[in-house]
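These notes concern the structure reproduced below.
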Amino acid sequence: MPRILITGAAGFLGSHLCDRFIKEGYEVVGMDNLITGDLKNIEHLFKLEQFSFYNHDVSNFIHVPGQLDYILHFASPASPIDYLKIPIQTLKVGSLGTHNCLGLAKAKGARILVASTSEVYGDPTVHPQTEEYWGNVNPVGPRGVYDEAKRFQEAMTMAYHTYHGLETRIVRIFNTYGPRMRLNDGRVLPAFIGQALRGEDLTVFGDGSQTRSFCYMDDLIEGIYRLLKSDYPYPVNIGNPDEITIGEFAEEIIKLTGTTQKVIYKDLPKDDPTQRRPDISKAREILGWEPKVNRAEGLKITYEYFKSLPQEELYKKEHKDFEAYIRK
Ligand code: UDP
């Protein structure tokens, strides 16, 4: 049975990856320090012999006894609001955490896939974004702690590939959504759905003309699975190219939820990218992958998930204190 370590295992994507690799017959070792992850996302796995879990911060030296064939490094805060709350940890997990994972992969002779991001393109001047584009990142802005950590992660991963011959894979993940996102993580989709469920107005930042392209998590997980199995060591965009403005997206959520609330406009956060859409030619060509779930289907499933959560989840105020910082 192949054995895989998944960091960030209790998070949104990490937990879905655990499910997928269990299903594929792997022994899964999950690791998470539970800062933004939640054990509820993986509690169904604890009864399985194939699954084990370490509560550990991967920014510190990682010790995993026994063989490891694969490592997926998915530990990291992923919401801009989290970067403001825990900027140093965000920098550390993308840099030191990646270094520790690479060192572990080298020691075990494991293949490693690291979770990179469309944020390496910053506020992109090339549209849609191809993997060849170098990006437009403000290193000292509020997003710099994430963007630069992930850029360092890519450089470090390539160095281990080039100088140590390590088998590496790099996925650049674009906006992804689905069940197990945190309702209060501050990102636009849970924010809008949470507001609709609480009977509040939907807060569009700026004039709503900025664009994003949302990928349903099942599609993303399939893309990651295929990339891990491929022999391609360079970055690959995985995302859904179906681009929409945030203003239009708010209207879609209003329709989906049937809320009678309206859209209100707030200041645009600093360095908020004006446009984002993946060019997925590489993923199509190398992995034979493209997204299958359209936004209407994906949003419906995600809305049902959020509706099924206990009422108190709706009123957790974890991100509201940070609203003031976002507009500095
Ligand atoms: N956004 C918004 N209202 C909210 C939260 C976010 O209009 O309540 C906007 C945000 O300014 C950005 C887009 O939605 O332009 C996506 O934001 P998110 O935090 O989901 O992730 P990002 O793609 O910016 O990393």
query: Taking the Cα atoms of region 270-321 alone, what are Rg (to one decimal) and Dmax (as a whole number) in Å?
result: 17.3, 45
query: How big is region 179-244 in terms of Cα radius of gyration and Dmax, in angstroms?
result: 15.6, 49
- prompt: If the limit is 32 Å between Cα atoms, which of Lys40/Lys92; Lys106/Lys307; Lys23/Lys266 go over it?
  reply: Lys106/Lys307; Lys23/Lys266
query: Rounded, prolate or oblate: which one fits region 56-149, using the alpha carbon gyration tensor with axes a ≥ b ≥ c (rounded when a/c is under 1.5, else prolate when a/b beats b/c, else oblate)?
result: oblate
query: Can you list the aspartates and glutamates whose alpha carbon is less than 20 Å from that of Lys316, not counting same-chain residues fewer than 8 positions off?
result: Asp38, Asp82, Asp185, Glu200, Asp201, Glu304
- line: Per the Kirkwood formula over distinct C-alpha pairs, the hydrodynamic radius of region 1-50 in angstrom is 10.5 Å
- request: Sorted from largest down, give the three principal axis spans of the alpha carbons of the chain, whole angstrom values.
  value: 55, 45, 37
statement: Of the residues Thr7, Ala296, Leu314, the Cα lying farthest along the dipole of the chain towards its positive end, which is defined by charges on the beta carbon of Lys, Arg, Asp and Glu, belongs to Thr7
statement: Rounded to the nearest 5, the percent of antiparallel DSSP beta bridges in the chain equals 10 percent
field: Under the Karplus curve 6.51 cos²θ - 1.76 cosθ + 1.60, θ = phi - 60°, whole-Hz ³J(HN,Hα) for region 76-90, x wherever Gly or Pro sits
entry: 3, x, 9, 9, x, 5, 5, 4, 6, 7, 9, x, 5, 4, 4
message: Less than 18 Å apart at the alpha-carbon level, and either on another chain or at least 8 residues along: which aspartates and glutamates does that give for Lys292?
response: Asp218, Asp219, Glu222, Asp242, Glu243, Asp279
Using θ = phi - 60° and Karplus 6.51 cos²θ - 1.76 cosθ + 1.60, couplings along region 304-315 (whole Hz; Gly, Pro as x): 4, 4, 4, 5, 7, 6, x, 3, 5, 4, 5, 10
- line: With +1 on the Cβ of every Lys and Arg and -1 on the Cβ of every Asp and Glu, the dipole magnitude of region 216-296 about its Cα centre, in debye rounded to the nearest 20, is 100 debye
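Since every read-out is calculated from the coordinates, none of them should be taken as a lab result. It should be emphasised that the depicted structure is a prediction, and the values quoted were computed from it without experimental measurement. Every residue, glycine as well, gets a Cβ built from its backbone with ideal geometry; the counts of neighbours run over all protein chains shown.
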